[in-house]
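Right, one structure below, let's go through it.
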Amino acid sequence: MQITQLEAVVEIARAGSFRKAAQVLGRSQPSLSRLVLQIEEEIGLTVFDRAPTGVRLTEAGQRLHRRAVTVLEEVQRLMDEAGQLQNLQRGTLRIAISPAVGSAFLPKALPSFRRRWPGVQLEVLNVLYPESLRMLREGQVEIVIGPIPEALSDNALHIAPLSQLRVVVVTHRHNARRDVTSLQELADANWLVHGPADGPSSLFGPPLPALAGQSVTRCHALTTLLTVMTKSDGFSFLSDKLLEQLGARYDLREVPVREPLPTFTLAIITRRQTAVTPAAETLIRQLKAQAQKPPV
């Protein structure tokens, strides 16, 4: 199976037609058809369903497409790494980060990274667990930095602890109930939760009685949650790092509940069997340096 064949599959799937894909790739439509036919003959399965309105991947084609994307990402990463080893300023570094990293560590790590790799394009994706780990496994990102479950065990991943996160209850500083001292007093509160149901909030939600059986407003963007909280009597669980970085901007304060709240490990996660590029090594090193500095 050749790289050109995989490129053809990926571009045809993206474009939805052989004609449009041929224009993008600078090839003739018949040549693309031959490439796809060669793959189908090699694997013994149909990759695309053809229709008058376009083409779409078959079930087997979807699996092939996912593999093809991963292979092409790895090929590009190999080219980036080869160039960076020659000190060439080129390539793209894609990372998936949690809001805590984006606000607490990344801004201070970037200047040193940029001085070393001014020509490398850095793509920062705000993606939460578990979607971030799926993207890492499939090669869509090179690094994931975010909170992880304590019980996470995956031999394919290398997990390097970066910092500890403490969960805190937060609300707007003008909320009349801001000084309550027990979660039980907030059983009827307007709870705002960040991220998907199987994301980080699922890690600490079940053991907290304030969330048990409660309806919540789930905000998939952190800025939406913070904005809603400033305009309402809402409460939320956030990390202490987020409160430290964003509390003043959004007039938030910690609610002094007496119940013990969970802590999490913020980690840098990479694929165990895949070496990171020199640019990624630099960013990881700078992130660790920032995490080790005492709070100001």
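Could you tell me what percent of the accessible area of the chain is made up of carbon and sulfur, with a 1.4 Å probe and every protein chain present?
Numbers: 7730 of 15120 Å².
Roughly 51 percent of what the probe reaches on the chain is carbon or sulfur.
Can you tell which of THR53, THR265, THR217 shows the greatest fluctuation in a Gaussian network model of the chain with Cα springs below 10 Å?
Largest GNM mean-square fluctuation: THR53.
Name all residues of the range 255-288 having a backbone nitrogen under 20 Å from the label point set 7 Å from the Cα of LEU78 along its Cα→Cβ direction, giving them as ranges.
271-281
Return one whole number: the accessible area per residue of the range 1-140 in Å², for a 1.4 Å probe. Intermediate results must be reported in sequence, preceding the final value.
Numbers: 7590 Å² over 140 residues.
Averaged over the residues of the range 1-140, the accessible area is 54 Å².
Considering the chain as a Gaussian network with a 10 Å cut-off on Cα pairs, which listed residue, LEU136, LEU266, LEU57, attains the greatest mean-square fluctuation?
LEU57
Please compute the length gained on full extension between LEU88 and SER17, using 0.36 nm multiplied by the number of residues separating them and subtracting their Cα-Cα distance.
Details: separation 71, 0.36 × 71 = 25.56 nm, distance 3.65 nm.
Length difference between fully extended and current span is 21.9 nm.
Cα axis of helix 3-15 to longest principal axis of the chain: angle in degrees, 0 to 90, nearest 10?
60
At 7 Å along the Cα-to-beta-carbon direction for both THR263 and ARG115, put a label point, then send me their distance in nm to one decimal.
Each label point lies 7 Å from its Cα, and together they span 3.3 nm.
In degrees from 0 to 90, rounded to the nearest 10, what is the angle of the helix 106-116 Cα long axis to the longest principal axis of the chain?
Tilt of helix 106-116: around 40 degrees.
Can you pull the accessible area of LEU192 for me, 1.4 Å probe, Å² to the nearest 10?
Roughly 0 Å² of LEU192 is accessible to a 1.4 Å probe.
From the backbone phi of the range 168-173, what are the Karplus-calculated ³J(HN,Hα) couplings (6.51 cos²θ - 1.76 cosθ + 1.60, θ = phi - 60°) in whole Hz, Gly and Pro given as x?
Result, rounded to whole Hz: 10, 8, 10, 7, 6, 5.
Please give the solvent-accessible surface of ARG94 in Å², to the nearest 10, using a probe radius of 1.4 Å with every protein chain present.
For ARG94, the solvent-accessible surface is approximately 70 Å².
Under 5 Å between amide hydrogens, which residues at least 5 positions from PHE235 or on another chain qualify, with H placed 1.01 Å from N in the peptide plane?
Hits under the 5 Å cutoff: ASN190, TRP191, LEU192.
Rounded, prolate or oblate for the range 75-147? Axes are the square roots of the Cα gyration tensor eigenvalues, ordered a ≥ b ≥ c, and the cut-off for rounded is a/c under 1.5. Don't skip to the end; give the middle numbers.
On the way: a/c = 3.29, a/b = 1.31, b/c = 2.52.
Oblate shape, in that a/c is at least 1.5 and b/c is the bigger or equal ratio.
So what's the back-of-envelope 222 nm ellipticity for the chain, counting only DSSP H runs of four-plus at -39500 (n - 2.57) apiece and dividing by all residues, rounded to 500?
Computed ellipticity for the chain at 222 nm equals -13000 deg cm²/dmol.
Using heavy-atom solvent-accessible surface (probe 1.4 Å) with all chains present, what is the largest-first order of HIS65, HIS174? Walk me through the numbers before you get to the answer.
Working: HIS65 45, HIS174 115 Å².
Largest accessible area first, the list is HIS174, HIS65.
Starting from the 7 Å offset along Cα-to-Cβ, what nm value, one decimal, do you get for the label separation of ARG137 and ARG67?
Taking the simple label geometry, ARG137 and ARG67 are separated by 1.7 nm.
In nm, to one decimal, how far is the MET1 label point from the SER153 one, both placed 7 Å along Cα→Cβ?
Here the answer is 3.2 nm between the modelled labels.
Build a GNM of the chain with springs between Cα atoms under 10 Å: which of SER112, SER33, SER98 gets the top mean-square fluctuation?
Highest fluctuation of the listed residues: SER33.
PRE reach from THR58 (point 7 Å along Cα→Cβ): which of the range 21-35 fall under 19 Å by backbone N?
Within reach of a label on THR58: 32-35.
Compute the distance from the alpha-carbon center of the range 9-76 to that of the range 212-268, in whole Å.
First find each Cα centre; the distance between them is then 44 Å.
The values are calculated or read from the model by the stated rules, or taken from the named source; none is laboratory data. For clarity, every value in this text was computed on a predicted model and none was experimentally measured. Using ideal geometry, Cβ is built from the backbone for each residue, glycine included, and neighbour counts are taken over all protein chains shown. The area values use the complete protein model at the heavy-atom level, side chains included, leaving out ligands, DNA and RNA. Shrake-Rupley method; radii C 1.70, N 1.55, O 1.52, S 1.80 Å.
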